[in-house]
Every structure is written in structure tokens, then in C-alpha cells.
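The structure appears right after this line, and notes come after that.
The values are calculated or read from the model by the stated rules, or taken from the named source; none is laboratory data. In this text, all values refer to a predicted model and were calculated from it rather than measured experimentally. Don't worry about glycine lacking a Cβ; one is built from the backbone with ideal geometry, like all the others, and counts go over all protein chains shown. Heavy atoms of the whole protein, side chains included, go into the accessibility calculation; ligands, DNA and RNA do not. Shrake-Rupley method; radii C 1.70, N 1.55, O 1.52, S 1.80 Å.
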Amino acid sequence: MADEAKAKGNAAFSAGDFSGAVRHFSEAIGLAPTNHVLYSNRSAAYASLHQYSSALSDAKKTVELKPDWSKGYSRLGAAHLGLGLHEDAVAAYKKGLEYDPNNDALKSGLADAQSAALKSGFADAQSAASRSRAAPPPNNLFGDAFSGSEMWAKLTADPNTRAYLQQPDFVKMMQELQKNPSNLNLYLQDQRVMQALGVLLNINFRTTTTEDMEMPESSSSSPRPPPERRRPAEAEPAKKAEPEPEPMELTEEEKDAKQRKAQAQTDKELGNAAYKKKDFDTAIAHYTKAMELDDEDVSYITNRAATYLEMGQYEECIKDCDKAIERGRELRSDFKMIAKALTRKGTALMKMAKCSKDYEPAIEAFQKALTEHRNPDTLKKLNDAEKAKKELEQQEYFDPKLADEEREKGNEFFNQQKYPDAIKHYTESLRRNPKDARAYSNRAACYTKLGALPEGLKDAEKCIELDPTFSKGYTRKGAVQFFMKEYDKALETYQEGLKHDPNNHELLDGVRRCVGQINKASRGDFTPDELKERQAKGMQDPEIQNILQDPVMRQVLTDFQENPKAAQEHAKNPMVMSKIQKLVSAGIVQMK
């Protein structure tokens, strides 16, 4: 209920019905008395009615409920400024900027308050000087309107007269009137003075607004010279002002259109409140009514599309998104709104996807949305759609029977020593069945025959990952490591394979060959070129680098050279000797 009353209050405020807004916000506060936003909104409505005391009371309540909310201090500053309490207004705006230093509304309000405070001090000084010279005539009806700092506060608070304070000639005229209000008749020809007088007396004179009147030149051009001051006896009689044109009245059609737009906004707010409560049927009804009342706001369509999406009515969501895109382009709507409609369309299409091809239109929608506006959420949805499409393609292509046929064809080419052709069929087999360890093993053998050792090692490791008990995976990996002259690693691989198949002849032969190479290294049976190549390869091994950089191992190596007693103790440590053996196999260290 509080949300509905708040929505009505927002709609009334947008339509300029500030009294109605106060009524609706008061109703909402009665239902939710601890909601700081409601007090803030009612404060703004009171300020628009120039009821600054009430606006101040609500602003204080807002700050009390939510001390770290910057907008509360904006309301507080505006209320103080409306009451002419300039120093309090400045303090409120500064306090708000402590919580939100980049808030433009607070910065603008602070500038206005400081400007009003300066002008107020200047006006007070001028007024005091004038009173010391002569008291104002007792029969002057407007003398009080121009006295004191309250005049500048009222002119600053009104949006129309605030602009005039930037014009030097207007400020000078108002200063002249503060000194001698009886000279008012000299300035009545100037519509700005008439409008300022209306603001000061709270009377609505029929004058042209700042939007309708021709603005005087700014301070960069020559200022208008002030009228010559004369003694009251010599003052010219005031000229009769020319009749002002009546304000333009709206036609019935324009009034109806304005009312329809305001009602559409109300329905949108009510729809949003229902959506948050997951009352989707009610939300749909309000959004539909808003669309009927105002067909120039695309947000009503996109909001209804979002509701259909939550309800699982994806086809209806897509229809609304297409409608929003088409209408948005006709109205030249914000590109972000078009992007939002495209993103929702893509989301609905993803929800409907049943096969990989169904993701293609969703991906296309997300890509179009990103060309309109690059949004991180849309980019994530695009990546998710592409990933889901790829996974489904793999699932759809999966066929173990065809995979076996392709593997057999690969075996035929392997036996004919046509290794590139064999790789082609093994690859197709793996596309049909990515979990077949045998295909990885066979392709690893082909890569090894062709000298593509890194590729062969990768396939052998994948084979072991898929089936740790498959001995062929260990023989393939060990063979690649042996050809890469990583004898220690090859030995470890063969020994790991023997744990699963202790009598495997290929694994046993691999162990024998590795031990032979390691013993050869221990004896130093290398030619200078072989030793140099072996050491260079060993230094590229991260494990060897870590051993050599270890301070403990560096001390151990020093002890082996200089301290036989300490070396004997080190030799009893299996971990130390394992590292020493790795250095020996790499040709870095030679045992004599």
C-alpha cells in the first residue's frame, strides 16, 4: 500500500500537482513511518509550494532516519535557503558533500547558498547606511518588501528570478530600490522588476517568464545605464504600462494529452510496485494501460516485456521487445533503451533454446544490443550464450559408434605410416567421443613419430587423465619424455605405469633404458657437446632452477665438495639425494 501511495505521489509531483503530492506522500508515511525516501519526497513537494517550514521539518526527519544519505542534506539545504537561513543552508550542503563529494545537486545548491549569503551581507550593510541617512516614508506600501536580507533569499529561491541575479543591471536596480523604495515607479517598465516584486509580495503578476522574455545582455556586454535619480518633487509620473499579452492557454487536446501522460506515469509506477511484489498480472495490466495512454514512451513496453520474461511467457516477451525496438527507432529513443529491448529479447530466446542452432538468434540479439550500448551484463549474457551453444554442439555431435569407426580408420593409416592422415581420423574420432582415452593415446603416438613432442605429451597426459589405469598412456608419455631427454621424468612415468600393470614389457623396457641413461650421466660418459646440450636443457627445467636457487641445497653441494663428513650426513637424507640425482641426470653435477 505504501508503494502505491508513493507512486501516486511521484506522478502528482511530475504533473505539477504539489498539493496532491503532499497528500499522497503523507498517506504513504502513515503506512511506512520509517521510510526516509517518503519524507524526502514530501519535503521537495512542500518546498515547491514555498512552505519552507514544513519542508525543513521533513528534511530534518530524513537526515535523522538516514544520516549518510546525501539527498537528505540537499533537501535540508533547500529548506534553509527558502527560509533565508543562508549559513545553515551552506552547512547542510557541505555536510552532504562529505558523504557524496561528486554530487552535482549539492555543489549547485552550495554555490547558490554562498552567493545568497554574500549578497545578504552586502544588502544589510547598504540598508543600514540608508537608514542612517533618512528613514523611509511611512506611507510606502512596498518598503518592507525590499528591506533586509530576506529579499535576496526570496529572489534566489525562485527559479525565474534566480537567473536575474547573474545580471549586473538587475542587481543594481534592486540595490537602488533597497536604498529608496519610493523610486519604484522609475523601474516599473522593466518586466524583471515586476516579476521580482511579485515574488517578494507573493503576488502572481501577469508577466512574461524567463523562457518567454528576451534576456538582457550578459556582463560581457555594456550594462544598461540606471535611470537618472531625481528628487521626489521632480520625478516624472509613471508611464502607463502597455497591456501584457494573456498567457497562452492550452487547447483541450493539449490538456488531454498532458493528463494522459501523467496518468500513464502513474500506471507505470503502480506497475513497478506490483512487479517488485511479483504480482505480475497486476503489473501487466498497469503497463498495458500506460501503453494505451501514451505511445511515445518505450519504457512501458520494455517493462511489460520484462514482466512476461519473469512469467515464462517468452514469446510474448519477444513480441514486446520487437515492438519496443521498432517504436524506439521511430521516436529516436535513447540508444540505451533500444539496447535494453534487444538484451531482453536475447534472454528470452536463450530460455527457449533447445538445440545449438536455437542460440544463434539469441547471440545475434546480444551482439546488436552491444552495438547500441556496451553493457557488461549484456556482454556476459553473450558469452554465456556462446558457451552454451558450443557445449550443445559437442553433445549433438557425440556418437561413440562413429567415433570407433574413425579410430579404426586412423589405425589403418598409422600402420601404413601415413601419420598426418591418421591424426585427421583420430581427431574426428575425438570430436565424436571426447572421452575416448584410446584415441588420445593413438594420436600421441602419431605426434611422437612426426617429432611433434609437445603435442604428443599433451595427448598422453589427457589419456592418463581420462583413464589412469590404461598402461598405453604411460608408455606414450614416457616415450615422449625420453625423446626430450628428460630421463628422470620418463623414469617416474614408467614407474607410475608399473603400479597399474607390473608386468608390462614396454614399461619395464622404458625403465631399463632410463636407468641406463641416468647411470651414463652419473659416470660422466658424455662427449663435451652432449654434456653442453644436456646442461643447457637442464637449466631450462623449472624444477632444476628451484633446486639450484634453494639455499639449503646450495650448502649441500658446497659440503659435497669441501666437507666429506657433512656430505655423509646429507647422503642419508632421501629427499636430498633425490634432488642430487636430478642434478646429475641433467648434467649439472657429476659424481666421481
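Cα gyration tensor of region 255-396, axes a ≥ b ≥ c as square roots of the eigenvalues: rounded (a/c below 1.5), prolate (a/b > b/c) or oblate? Write down the numbers at each step before the final one.
Numbers: a/c = 2.82, a/b = 1.86, b/c = 1.52.
Prolate.
List the lysines whose Cα sits under 21 Å from the Cα of K381, skipping any in the same chain fewer than 8 residues away.
Partners within reach: K319, K336, K340, K345, K351, K354, K357, K368, K389, K390.
Can you work out the base-10 log of I(q)/I(0) for region 438-555 at q = 0.12, 0.19, 0.23 1/Å, using the Debye formula on its C-alpha atoms alone?
Each listed q maps to, in turn, -0.49, -1.04, -1.25.
Does region 536-591 classify as rounded, prolate or oblate by the C-alpha gyration tensor (a ≥ b ≥ c root eigenvalues; a/c under 1.5 gives rounded; else a/b over b/c gives prolate, otherwise oblate)? Could you put the intermediate results ahead of the total?
Details: a/c = 1.91, a/b = 1.83, b/c = 1.04.
Judged from the Cα gyration tensor, region 536-591 comes out prolate (a/c at least 1.5, a/b above b/c).
Keeping the other protein chains in place, figure out the carbon and sulfur percent of the accessible area of region 343-396, with a 1.4 Å probe.
So the carbon and sulfur contribution to the accessible surface is 47 percent.
What would the Debye formula give as log10 I(q)/I(0) at q = 0.14 Å⁻¹ for the alpha-carbon point model of region 1-127, no solvent?
Log10 of I(q)/I(0), two decimals: -0.60.
Label region 321-464 by shape, choosing from rounded, prolate and oblate, from the square roots a ≥ b ≥ c of the eigenvalues of the Cα gyration tensor; if a/c is under 1.5 it is rounded, and otherwise prolate applies when a/b is larger than b/c, oblate when it is not.
It is prolate, given that a/c is not under 1.5 and a/b is the larger ratio.
Which aspartates and glutamates does K380 reach when only Cα atoms under 13 Å apart count, and residues fewer than 8 places away in its own chain are ignored?
Qualifying aspartates and glutamates at Cα under 13 Å: none.
At E330 and E405, where each label point lies 7 Å from the Cα along Cα→Cβ, what is the point-to-point distance in nanometres?
Label-label distance for E330 and E405, simple model: 5.5 nm.
Length gain on complete extension for the stretch E360 to D421, per 0.36 nm per residue less the alpha carbon to alpha carbon distance?
So the extension gain works out to 18.7 nm.
Using the beta-carbon distance between V576 and K449 and R0 = 35 Å, what value does 1/(1 + (r/R0)^6) give for FRET efficiency, to the nearest 0.05?
Once rounded, the FRET efficiency stands at 0.35.
What lysines does K572 reach when the alpha-carbon gap must be under 25 Å and sequence neighbours fewer than 8 apart in one chain are set aside?
Excluding near neighbours in sequence, the set is K489, K520, K582, K592.
Taking region 150-201, how much of its Cα-Cα pair set, in percent, is spaced more than 13 angstrom apart?
54 percent
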